Amino acid sequence: MGSEEQIPDFTLQQAAKNCLFPVFLKLEELEVLLVGAGKVGLEKLTAILNNAPLSSVTVVAVVISAPVKQLALSHPRVKLIQRAFEPEDLEEKEIVIVAVNDKTTSNYIRVLSKQKNLLVNVADTPELCDFYLGSIVNKGNLKIAISTNGKSPTIAKRMREQLTELIPDEMEGVLQHMHTIRQDLKGDFAEKVRQLDDLTRLLIAKQEKLEIVRKPAGKNWTKIVMFCLLAFLFMLLGHALLSYLPLRDMADGIKRIPEYINIPSFLIMLLTGFLAQMVDGSMGMGYGTISTTFLLANGVNPAIVSSRVHSARVFSSGVSGFSHHRFGNINKKLFRALVIPGVIGSLAGATLAFYGQKYSVWVRIPLSIYTLYLGFFIVKKAFRKKNEPFKIKGAGWLASAGGFMDAFAGGGWGSLVTGTLISKRRSPRYVIGSVCLAEFFVVFASSVAFFIYLKTFFLADVAGLIIGGLLAAPIAARLVGKIPMKTMYVAVGSLVVLTSLLTLIKGISHLT
């Protein structure tokens, strides 16, 4: 009796775990029935065809949405039947997926399917499912399925995004090489296993050495950001104190501090800085356009607009970069490819802006036409079926051009760099995070250059921009991980179009 009483305890412990058995089906050799062709049905059909494009799928629904019809046009083995489900639809089927918003109908289809010993998946109803459609990481021949036992599809989605960025695109080449090595191995099965084990152990040992080298670098750049922020802050405060509080009359200068603060102007600047950073931190662009437009509308001399905007961005972009790192929005490889070329470009742009500001309009017009095209391309991409991302080439040259335009023409880093990278089908979340972090170093370099060239800085004029940006930066970084991918593409593309049109109109007006 004693031994029998312990069995239920062990069973309960096992039941608390994820007891699903993962398998990879040759779906292109099976007959699939999909009931429902709305938003959820489209999601299920897209998942099937992305992983097994030649699958034979029969879609039955009273109403078939336009996206489902469009998807079926490019997949000849997808059959559409526009009517209500009938029991005969289960004939000669092996897998059934139910995606209708009706529990009674879903349960009815499941009962009929089980009578025929068919495997069933009922969308958003785990208790009626024989299997789940997990989130899939796909890197060529490498495929990883992620399951949360039906508890949280959102967590599975986030894990897929993280792993997709973590696993390099070169993994397909590694697999091909390993396949070739495997074919050339000699000896019996045990000897082949031993040789492969030795080879992969060597790869892991090298990877561990690389990680040891990389870890300090990951910590160093955060210290660099903090050091730069503090140095820039002390530089501005020191300049402000010496400008407003002469050493010979310190007491009188302190009494006159309120005279330098225009409360209504400060509050408007605060709101502008907050809105500009909310857009820039969540979309990867827009800060320069929004804040520059406001400063020009308030009569600020165009010759010093760029210096003020860049000085305010140093603080907001620094906090934004920290926040994006905290929320896991940084692709370190992409960041490293952008930061140094971007800084070089910004220094060159700041120098030319000081000596030839009047010629910046000639560069703004072709840039705005290019980014206008990018904006339309990104919006159009939001409504296309999912494709494999392009490998990024020339990211350094892109960053150099973006840094130069940002300093010389008063804006363009976000529209040019973020817009181009997203148009290459890169994940908006990691593009925006990496570009925002690199932006800190770019605007820091140009701000120091402007400070040296202009030999002045009006802290009171941009204090509102700085404080508003600091408040918005962590909130905006958090939004990047929450906004759906399609919404992100539409928002970024629309913003690129809007800012490009404003820049183009402004440039043409200067010429005329």
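Every residue in region 95-122 that is in a loop (DSSP other than H, G, I, E, B) and buried (at least 20 other Cβ atoms within 10 Å of the Cβ), please.
As a first pass, look at region 95-122 and keep what is in a loop (DSSP other than H, G, I, E, B): 99-102, 116-118.
Ala99, Val100 - these are the residues of region 95-122 that are in a loop (DSSP other than H, G, I, E, B) and buried (at least 20 other Cβ atoms within 10 Å of the Cβ).
Based on this model, can you work out whether Ile475 counts as surrounded by fewer than 18 Cβ atoms within 10 Å (Cβ to Cβ), modelled with pLDDT of 70 or more, assigned to a helix (DSSP H, G or I) and among the β-branched types (Val, Ile, Thr)?
Numbers: surrounded by fewer than 18 Cβ atoms within 10 Å (Cβ to Cβ): yes; modelled with pLDDT of 70 or more: yes; assigned to a helix (DSSP H, G or I): yes; among the β-branched types (Val, Ile, Thr): yes.
Yes; evaluated as a whole, the condition is true for this residue.
How many residues are under 36 Å from the mean Cα position of the chain (by Cα) and of a type outside the set (Asp, Glu) when one looks only at region 76-102? Full working, then the answer.
So the first thing to find is which residues in region 76-102 are under 36 Å from the mean Cα position of the chain (by Cα), and the list is 76-80, 95-102.
Checking which are of a type outside the set (Asp, Glu) leaves us with 76-80, 95-101.
Of the residues in region 76-102, 12 are under 36 Å from the mean Cα position of the chain (by Cα) and of a type outside the set (Asp, Glu).
Let me confirm something: among Lys381, Lys333, which residue is at pLDDT 65 or above and not hydrophobic (A, V, I, L, M, F, W, C)?
Step by step, each of Lys381, Lys333 is checked, and only Lys333 is at pLDDT 65 or above and not hydrophobic (A, V, I, L, M, F, W, C).
Here is a yes/no grid of residues against (1) assigned by TED's automatic domain parsing to the domain that holds Val497; (2) more than 21 Å from Val435 (Cα to Cα); (3) at pLDDT 75 or above; (4) touching a Leu at 6+ places or on another chain (Cβ under 6 Å):
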| residue | (1), (2), (3), (4) |
| --- | --- |
| Thr289 | yes, no, no, no |
| Gly299 | yes, yes, no, no |
| Ile304 | yes, yes, no, no |
| Gly318 | yes, no, yes, yes |
| Gly321 | yes, no, yes, yes |
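If I ask for residues that are under 18 Å from Asn149 (Cα atoms), of a type in the set (D, E, K, R) and in a loop (DSSP other than H, G, I, E, B), which ones from region 15-53 would you list?
Within region 15-53, just Lys17 meets the criteria.
Select, from Glu127, Glu92, Glu88, the only residue that is more than 23 Å from Thr148 (Cα to Cα), assigned to a helix (DSSP H, G or I) and among the acidic types (Asp, Glu). Talk me through it step by step, then tell me what you get.
Working: Glu127 fails: more than 23 Å from Thr148 (Cα to Cα); Glu92 fails: assigned to a helix (DSSP H, G or I).
Every option except Glu88 fails the conditions.
Which condition does Arg158 not pass, out of (1) touching an Asp or Glu at 6+ places or on another chain (Cβ under 8 Å); (2) in a helix (DSSP H, G or I), if it passes all the others?
It fails just one condition, (1).
If you take the residues of region 130-147 that are of a type in the set (S, T, N, Q) and in a strand (DSSP E or B), which of them is surrounded by the fewest Cβ atoms within 10 Å (Cβ to Cβ)? Write out each step before concluding.
Pass one, region 130-147, residues of a type in the set (S, T, N, Q): 135, 138, 141, 147.
With in a strand (DSSP E or B) added as a condition, the list becomes 135, 138.
Working: Ser135: 22, Asn138: 16.
Ranking the qualifying residues of region 130-147, first place goes to Asn138.
Report yes if Gly150 is outside the structural domain of Val57 (by TED's automatic domain parsing), among the small types (Gly, Ala, Ser), modelled with pLDDT under 80 and surrounded by 12 or more Cβ atoms within 10 Å (Cβ to Cβ), otherwise no. It would help to see each step written out before you state the result.
On the way: outside the structural domain of Val57 (by TED's automatic domain parsing): yes; among the small types (Gly, Ala, Ser): yes; modelled with pLDDT under 80: yes; surrounded by 12 or more Cβ atoms within 10 Å (Cβ to Cβ): yes.
Criteria met by Gly150.
The values are calculated or read from the model by the stated rules, or taken from the named source; none is laboratory data. Because the structure is a prediction, the values reported are computed rather than measured. Methodologically, a virtual Cβ is constructed for each residue, glycine included, from the backbone with ideal geometry; neighbour enumeration extends over all protein chains shown.
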